[in-house]
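See below for the structure under consideration.
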Amino acid sequence: MSIQLKEETTGYLARTLGGLRSLPLPASVEALRDGYGRRDLGADLVAGLTVGVVALPLAMAFAIASGVGPERGLFTAIVAGFLISALGGSRYQIGGPTGAFVVVVYAIVRQHGYEGLVVATFMAGFMMILMGLFRFGAAIKFIPYPVTTGITAGIAVIIFSAQIKDFLGMPLGPLPPEVHHQWGIYLTSLHTIDPWTAALSILSVIGLLVSRRIYPAIPGPLLIVGFGGLVVWLFDIPVQTIETRFGEIPKTLPSPSIPSVTLEQIQTLLPSAVTIALLGGIESLMSAVVADGMTGRTHHSNRELVGQGVANIFSALFGGIPATGAIARTVTNIRVGGRTPLSGMIHAVALALFMFFLAPLIVKIPLASLAAILVVVAWNMAELKHFKAILSAPRDDAMVLVLTFLLTALVDLTLAVQVGVVLASLLFVRRMMEVTEFSAVGGDYMELLAGEGRAASFDPDATSLRTIPDQVQVYEINGPFFFGVADRLKHTLLSIGARPVCFILRLRHVPMIDATAIHALDELREACAMSGTTLILSGVREKLLHALDRAGFPERIGPENVTPHIDLALERAAEVLRERERTEG
């Protein structure tokens, strides 16, 4: 059996495939094409080595917080970090494991093991590639700020809560993922606090804060883990280290391994994969936007998503965890003089060399120092200043913020992402409904231009400047005509006392129309026909006319009743009135 595609469908596919071919080149290729010299190489080399030093403790800390071994954080920073810089759309982006993924990764590993995380990361990588290929980059950037702030603050609370065990040296087993259950365990286990660990953690936090103020050029995390490891070794302090909990870490990357994926796994892990893809897209584009603001350059959002997707696929193949653009490391890269994506690629190579040559020293890092780093990271992620500002914003935005925050911190991150996006979409629809005006015009009515507040005397096409017969009723829609306002049109005739001979609906200020609104027009047409009223559309733009044509609406209403201007609509109404007079006469 042969299947024939409609001309519109084949045309759409052709346009889509053409769009895929026009995807911008990776920023690394563009940088080389623009010219690359010794000074650029020197600047990128210094920046890459510096960022590699900063990323070393962070990569391990985020991996441990995610419920996997520290080596998986290093694998991720090396593999994904290299590919994000090589294939992404930002010149300055530094990729790797971040706090945004800690919650979702921990939950997946707890329920499905590391094998389940590999499958979810693999799926998320392909989703991000598709989002980039089909130009979703701009849409992701416009996810409402209250949603991202609420989720980020909730993640910060979870990260902070999960670090208390290592921060205070409590000899506790695996903790439940729920924050309130964790604190219940903490409060009943206060007698198990290890004074040495707690003292080292507190000193590490103080050292991070002080070094940031006094020596901002020195990477605080590296300073703290180095100091902590030295103190523990010199004084033989009995605190847990990477070695005592996880043993040795490998010196090289593991061989790539393709996960075996079943349909049942796909169905089970799909919500988590969607969450990883959305969080990765949001975080990476936010980081790229920050880099744009600091450098004056512009990133390619869709190319960035494709690069992020490829990086996550290979991260999963090489035993890593989900990765995305890291704002703090990207900012560091810019501040120390990174000029092109080569600095990010060098940072990944530097991490691989650190792992190969310094593995025996890396395992001596105290877990208390890594916990202290994550506590400070959580504080920075919370962004209390912005959180408070949104609470003072319109009530709807504050509600979205609080709800997504509570769902993230107390219930489930995946659910919080879904509910936050849905709530924000509903609020957007309601606000668009408020923007769209639907009103009667004619006679002495003084029309206002949509959103401009100017009187009809400044509008040569105003209905108030024309003579409207008594048996003609004119209504105008100002704003998007979509499902949110379609219901108001359905009951229009019910609000009119005497049924007019002609009903003119002006659409000159309607920028778009959807299927629900066209259906509402059909219902209005049928209601008009039943009451003996002729429906006439006026000011139909080319874009709207195309949408109506595809739905076959002009054929049902009559092509003569679809007009581009109010004068033509009034002429058509005059013809209908004359025909009615002849018929009744």
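The values are calculated or read from the model by the stated rules, or taken from the named source; none is laboratory data. Not measured: the values here are computed from a predicted model. Here the Cβ is made from the backbone with ideal geometry for all residues, glycine too, and neighbour counts use every protein chain on show.
What the table below lists for this structure:
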{"quantity": "Extreme residue, surrounded by the most Cβ atoms within 10 Å (Cβ to Cβ), among residues of the stretch 452-483 that are among the polar types (S, T, N, Q) and either modelled with pLDDT under 85 or assigned to a loop (DSSP other than H, G, I, E, B) (or both)", "calculated": "Thr463"}
{"quantity": "Filtered residue count, the stretch 60-95, keeping only those that are under 23 Å from the mean Cα position of the chain (by Cα) and surrounded by fewer than 24 Cβ atoms within 10 Å (Cβ to Cβ)", "calculated": "3"}
{"quantity": "Selection status of Gly113, of a type outside the set (Lys, Arg), farther than 22 Å from Ile327 by Cβ and either under 20 Å from the mean Cα position of the chain (by Cα) or part of a helix (DSSP H, G or I) (or both)", "calculated": "yes"}
{"quantity": "Among residues of the stretch 96-110, those that are among the charged types (D, E, K, R) and either in a loop (DSSP other than H, G, I, E, B) or crowded, with 24+ Cβ neighbours inside 10 Å (or both), counted", "calculated": "0"}
{"quantity": "Test set (1) touching a helix residue (DSSP H, G or I) at 6+ places or on another chain (Cβ under 6 Å); (2) not in a helix (DSSP H, G or I) - Ala517 fails condition number", "calculated": "(2)"}
{"quantity": "Residue in the stretch 512-527 that is more than 43 Å from the chain's Cα centre (by Cα) and under 18 Å from Ala569 (Cα atoms) present", "calculated": "no"}
{"quantity": "The lone exception for Glu555 - which of (1) in a helix (DSSP H, G or I); (2) surrounded by 17 or more Cβ atoms within 10 Å (Cβ to Cβ) it fails", "calculated": "(2)"}
{"quantity": "Residue count for the stretch 185-232, restricted to those that are without any contact (Cβ under 8 Å) to a residue 40 or more places away in the chain and of a type in the set (Ser, Thr, Tyr)", "calculated": "6"}
{"quantity": "Filter result for Ala520 (of a type in the set (Gly, Ala, Ser) and surrounded by fewer than 17 Cβ atoms within 10 Å (Cβ to Cβ))", "calculated": "no"}
